[in-house]
Ligand code: BGC
């Protein structure tokens, strides 16, 4: 097992990549705190906790809005006291919606930046305090190919993911002397609830697949596998970089 005895938080873990990651970390031997946002998300997180317990693992589910400072301090301190420490944070919580730039209300911009970037910063800051004291730890941010690919209609989302790239790189430098690694995992088009619209419109999905050299969308489990590896001791010399998990989407497949 890759993560025997590790103590982890996964944010936004009630569905999609977050949930698959929580299940995978637990299967690799980690204790996992599954964070979820609202009552609507609670059943997904609770169901994963049950599944982990049934397999003999240890997991808890905690509600928190990662964009709220008080919520994050509570989340991190509760998880750490439940597990007796914290050595792995997966900053996965993220939202997106399509809005033309000139029509984007400030509130929409702020909501996306607050969850995707400020949320990751707050969780990173609180987790890093514990990791520095313990002189070890790993932070994995689930970013996106949109940390470097511009996407019309998603200026707020791309800005949040681009921000996450330099947050990761800066934190990696700042925390390296304390034995803490910081890495991004950048998924491409993955079959998760965030892509429901695509999955419900096979024609659109087909267009997306043409943008992917491997010819298909990825699964949440494939991203979870990359996260588990990068979080493990197998990747002890990996920090300050982005592991892209996109079936080759970022290779300009239409450029001839
Ligand atoms: C977005 C998806 C999108 C994918 C590729 C991800 O970051 O969440 O909605 O399909 O990037 O464009």
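Values quoted throughout were computed directly from the atomic coordinates according to the rules given, and no laboratory measurement underlies them. Quick caveat, the model's predicted, so the values are computed rather than measured. For neighbour counting, all protein chains shown are included, and Cβ atoms are generated from backbone atoms with ideal geometry for every residue, glycine included.
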So residue 133 and residue 73, fully extended at 0.36 nm per residue minus their Cα-Cα distance, gain in nm 20.0 nm
Once you have the Cα-Cα distance between residue 254 and residue 53, take 0.36 nm times their residue separation minus that, and quote the gain in nm to one decimal. 67.8 nm
Cα-based shape type of the stretch 7-255, given that a ≥ b ≥ c are square roots of the gyration tensor eigenvalues and the cut on a/c is 1.5: rounded
FRET efficiency, residue 166 to residue 200 (Cβ-Cβ, R0 35 Å, nearest 0.05): 0.50
Considering Cα pairs under 8 angstrom that are at least six residues apart, work out the relative contact order of the stretch 7-255 and quote it in whole percent. 19
At what distance in nm do the modelled label points of residue 221 and residue 102 sit from each other, each positioned 7 Å from its Cα along Cα→Cβ? 4.7
Give me the distance between the Cα centres of the stretch 159-187 and the stretch 47-99, rounded to whole Å. 19
Taking a ≥ b ≥ c as the square roots of the eigenvalues of the Cα gyration tensor of the stretch 197-256, is the shape rounded (a/c under 1.5), prolate (a/b larger than b/c) or oblate? oblate
